[in-house]
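To keep things clear, I will list the structure first and then write my remarks on it.
The values are calculated or read from the model by the stated rules, or taken from the named source; none is laboratory data. Source: prediction; values computed, not measured. So basically every Cβ, Gly included, is an ideal-geometry build from the backbone, and we count neighbours across all protein chains shown. To get the accessible areas, we keep the full protein, side chains included, count just its heavy atoms, and leave off ligands, DNA and RNA. Shrake-Rupley method; radii C 1.70, N 1.55, O 1.52, S 1.80 Å.
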Amino acid sequence: MTIQEKYRLHLKSLSDELLILQKPIRILDAIKWPRHLQADFLARGGRTLPAVDKAFYDGLPLGFDPRNKYLELKELRDRIRRRLGPQDELGRILQETVDQYMVVIEMLRQRGQPDFLRYSQLLYGSAGDHLRGDRKTLKELGARLCDIFSLPGARHLVRPYPKEFEGEAAVAKLQGKLSSYFSDGTVQVKLSDGIVSDAAAGGDYIKLNSHARFSELDLQVLEVHEGWVHVGTTLNGRQQPYATWLSAGSPRITACQEGLAVLIETLTFSSFPDRAKRISDRVMAIDMAERGADFIEVFQHFVSQGTSEHDAYKITQRVFRGGMVEGGACFTKDLSYVKGYVETVNFIRSAVLEGVPEILPMLFVGKVTLDDIPVLYQHYLEGLISAPRYLPPMFRDLTGLYVWFGFASGMSLVDIGRVQQHFRQLFHRLPVADPIIAPVDIEID
């Protein structure tokens, strides 16, 4: 057996072991709130804190023994270093993934306590963090995006998308959409009573909440966000012959995953202003919670800005799950959408400007961070990493993507403030009128 063959066998063995060890660690299941809490909270006028505390979380079983799992991961991390070598780049990625799961265990041990925030920030960051390579903070960017998606123009463009799909009709509609992308029938859509959100993606399935109703646009977002990105990258990771850990979604890859999913929404024109505003609102909610606001204060903040009570609760609940509803600790994962979107766009623009757009399909090779991609691409050229099987069309043929981001990079030289001032003189004369929108033909199965 050659040294290279031995290395590959070690890599696969260690990767497979990580997959087994991390399997019972389910972050969202460990901090989820029952559906009735929303009805109880709103019935009390949004003036009483939800009945969620440390005792509540102690009653939610983790599904594994934290101490033993931590020690198993620590032992695996040490073996990775010994077998693959301290300087091995794939070994470094694998070790960092193990480290992330060890921090996850510490975070889950602190559910409902102040230190939950500290570990969450280690995993997902803080609203006060700076964007990679830029002076702006996530909070500043979130505030700017909230302003943009709250402008009268965003409301002016709103068109009715009736939520006419529910139950099996929604399943059939989404299954039909995904069947043209995953042509081998690998991905299944099914109903579930056990999820709090409207939808959730697994390794080869998407669950739809049996109590939820969906519009045509909602299902289009689920198709590309959950299907093309989250499920697609999981399946691509599962097809790796050696780097099998690429199918596992540790927190280190969350920003890239969510940012890529939001980007695909925009490239396919699937997103809409209200959805974009909800994503940026989450940044502002996290900033408030990090600074000590309690659940009621964050909820009332969004209600006062015109958000429906239902949506305000959803935003606030996402931020406080796992933390302390009285303030002092929150869950910062939802920073990943805005942070990941900006950093992924900048990564693509940089790849175009540096003349290496051929690495961009590696965004879909599995669950990766942006820093992983050059390393994985190099090993792809050497035959150790397999190319992604499931790729969105704009990443399968990069010519259009290259032009799109090439123009975007060139336009960054333009002073938009001066341009806006010029056109403002023309726009302010316009009368108030309904936008010109063609009727939508909705096909109903």
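A few remarks follow.
- Scanning the range 18-32 for residues that are β-branched (Val, Ile, Thr), open to solvent by less than 80 Å² (accessible area, probe 1.4 Å) and part of a loop (DSSP other than H, G, I, E, B) turns up at least one hit.
- Within the range 269-293, the residues that satisfy the criterion of being crowded, with 18+ Cβ neighbours inside 10 Å and either more than 12 Å from CYS146 (Cβ to Cβ) or touching a His at 6+ places or on another chain (Cβ under 9 Å) (or both) are SER270, SER271, PHE272, MET284, ALA285, ILE286, MET288, ALA289, GLU290, ALA293.
- Qualifying positions in the range 328-355 - at pLDDT 95 or above and in a loop (DSSP other than H, G, I, E, B): CYS330, PHE331, THR332
- Subset of the range 289-311 [assigned to a helix (DSSP H, G or I) and of a type in the set (A, V, I, L, M, F, W, C)]: ALA289, PHE295, ILE296, VAL298, PHE299, PHE302, VAL303
- Residues within the range 321-356 that are in contact with a Lys or Arg (Cβ under 7 Å, 6 or more places away or on another chain) and over 26 Å from ARG144 (Cα atoms), tallied: 1
Residue-wise test of (1) crowded, with 23+ Cβ neighbours inside 10 Å; (2) at negative phi.
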position: PHE295; (1), (2): yes, yes
position: HIS301; (1), (2): no, yes
position: ALA312; (1), (2): yes, yes
position: GLY328; (1), (2): no, no
position: TYR341; (1), (2): yes, yes
position: VAL345; (1), (2): no, yes
position: PRO357; (1), (2): no, yes
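- In the set (1) open to solvent by less than 30 Å² (accessible area, probe 1.4 Å); (2) among the hydroxyl-bearing types (Ser, Thr, Tyr); (3) in a helix (DSSP H, G or I), the condition left unmet by THR266 is number (1).
- Within the range 64-74, the presence of a residue that is touching a residue at least 60 places away in the same chain (Cβ under 8 Å), surrounded by 15 or more Cβ atoms within 10 Å (Cβ to Cβ) and not in a loop (DSSP other than H, G, I, E, B) is excluded.
- Within the range 381-426, the set of residues being part of a loop (DSSP other than H, G, I, E, B), open to solvent by less than 80 Å² (accessible area, probe 1.4 Å), free of Cβ contacts under 8 Å to residues at least 12 places away in the same chain and of a type in the set (A, V, I, L, M) comprises just one member, VAL414.
- Strands (runs of 3 or more DSSP E) within the range 126-213 that include 1 or more residues in contact (Cβ under 8 Å) with a residue 40 or more places away in the chain, open to solvent by 60 Å² or more (accessible area, probe 1.4 Å) and of a type in the set (Asp, Glu): none
- Looking across GLY63, GLY85, one residue alone is at pLDDT below 95, over 23 Å from the mean Cα position of the chain (by Cα) and closer than 18 Å to LEU28 by Cα. It is GLY63.
- Whenever a residue of the range 35-49 is small (Gly, Ala, Ser), its partners that are surrounded by 12 or more Cβ atoms within 10 Å (Cβ to Cβ), lying with C-beta atoms within less than 6 angstrom and at least six residues away or across chains, give the pairs GLY46/PHE299.
- The set of residues in the range 359-380 being touching a Pro at 6+ places or on another chain (Cβ under 9 Å) and open to solvent by less than 10 Å² (accessible area, probe 1.4 Å) consists of MET362, LEU363, PHE364, VAL365, GLY366.
- Residue match in the range 238-245 (condition: out of contact with any Pro (no Cβ under 8 Å at 6 or more places or on another chain), among the hydroxyl-bearing types (Ser, Thr, Tyr), modelled with pLDDT of 95 or more and surrounded by fewer than 23 Cβ atoms within 10 Å (Cβ to Cβ)): yes
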